[in-house]
1. Please go through the stretch 26-72 and give me each residue that is polar (S, T, N, Q) and not in a loop (DSSP other than H, G, I, E, B), ordered by number.
2. Would you say Pro16 is assigned to a loop (DSSP other than H, G, I, E, B), without any contact (Cβ under 8 Å) to a residue 60 or more places away in the chain and either touching a helix residue (DSSP H, G or I) at 6+ places or on another chain (Cβ under 7 Å) or within 27 Å of Ser155 (Cα to Cα) (or both)?
3. Here is a list: Ile108, Ile148. Which entry is under 27 Å from Asp80 (Cα atoms), in contact (Cβ under 8 Å) with a residue 40 or more places away in the chain and of a type in the set (Val, Ile, Thr)?
4. Taking interchain pairs and intrachain pairs at least six residues apart, which have beta carbon atoms under 8 angstrom, with the first residue in the stretch 32-43 and touching a residue at least 12 places away in the same chain (Cβ under 8 Å) and the second of a type in the set (Gly, Ala, Ser) and surrounded by fewer than 22 Cβ atoms within 10 Å (Cβ to Cβ)?
5. Out of Asp68, Asp83, Asp98, report the one residue that is exposed (fewer than 12 other Cβ atoms within 10 Å of the Cβ) and under 17 Å from Asp38 (Cα atoms).
6. Return only the number of the condition from (1) more than 20 Å from Tyr64 (Cβ to Cβ); (2) at pLDDT below 95 that Leu109 does not satisfy.
Amino acid sequence: MLNVLFVCTGNICRSPMAEGMLRAQADLWGIGDRLRVDSAGTTRWHEGEEPTREAQIAAASRGYYLGDLRSRPVTSADFDNFDWIICMTREHQKALRDRRRSADQAQILLATAFSPYLGAIDIEDPWGLGQAAYDGALDQLEQCCADILVRVRASVAA
């Protein structure tokens, strides 16, 4: 089983969209039972809140359900409980690398690093920018998740 944690700032936009999407796509690829997916934020600003309305609309328009997700912050246990911690920006990646203890097992990765089509760019925060920004972030996340699943399938098959 591979354990994947998506991370953004507040855990109400990008990371829950990625979580819902990767779960759904993994099920379609027939590997959902070999993958555990969660999401968290680098802050507690929105702890306990559901994803934004715009995130839910963007996700639902492509068949992904986010309604049962609630925001939570990254915890120290996450560094041991997840194999891959996948960050939306280089700033998130740096913040988590600074918090990680040397014995922690998690690899802290940039979401777009999985995708040769996107390169190592940040997935910008759509919060407060309107539905089109959420749809654009979801476009990037769909590409990332497809490329992540290629690696996941190879990892869980090994």
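The values are calculated or read from the model by the stated rules, or taken from the named source; none is laboratory data. Here the structure is a predicted model, which is why all the values come from computation and not from measurement. Here Cβ is always computed from backbone atoms with ideal geometry, including for glycine, and neighbour counts include all displayed protein chains.
1. Ser39, Gln56
2. No; evaluated as a whole, the condition is false for this residue.
3. Just one listed residue meets the conditions, Ile148.
4. Going by the 8 Å Cβ cut-off, the qualifying pairs are Thr42/Ala95.
5. When all the criteria are applied, what remains is Asp68.
6. For Leu109, the exception is condition (2).
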